[in-house]
Amino acid sequence: MSFLLAAALSNQLWFSTQQDAGNYTITPMVNLDSNCECTVSIEVQRKGSQGESRSLQQSHISLEGKKERALGQMKLNISQDDRVNITVTLSNGGNIEMKKQWSSSSKM
């Protein structure tokens, strides 16, 4: 069982986030054990007093193993009433399938 745990911890997907008042800079980051020809999808859902929006971007990316890499960067102004959810999915169609979510609030 420890072998599976080590394998799960080796490939990592996370968010680097900076906040200045209501201004957020959100950068999805990845570090893989080996090189990967992957597909990355970034979905942003926003709900607020002005309505709802959804954006989805998908692209093919070549990742070098054992190197941290930013998958993009988003700069958002998020008011107290806004709810933003960002989902990043990284896949090579085989042994790598990773998904990570970031939320401005747990009320999404």
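The values are calculated or read from the model by the stated rules, or taken from the named source; none is laboratory data. Keep in mind that what you see is a predicted model, and the values were worked out from it rather than measured. Using ideal geometry, Cβ is built from the backbone for each residue, glycine included, and neighbour counts are taken over all protein chains shown.
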Scan the stretch 64-82 and tell me whether some residue there is surrounded by 16 or more Cβ atoms within 10 Å (Cβ to Cβ), at pLDDT below 95 and in contact with a Lys or Arg (Cβ under 7 Å, 6 or more places away or on another chain).
yes
Under the condition of being part of a loop (DSSP other than H, G, I, E, B) and small (Gly, Ala, Ser), which residue from the stretch 83-108 is surrounded by the fewest Cβ atoms within 10 Å (Cβ to Cβ)?
Ser106
If you take the residues in the stretch 25-43 that are part of a strand (DSSP E or B) and surrounded by 18 or more Cβ atoms within 10 Å (Cβ to Cβ), which one is nearest to the chain's Cα centre (by Cα)?
Pro28
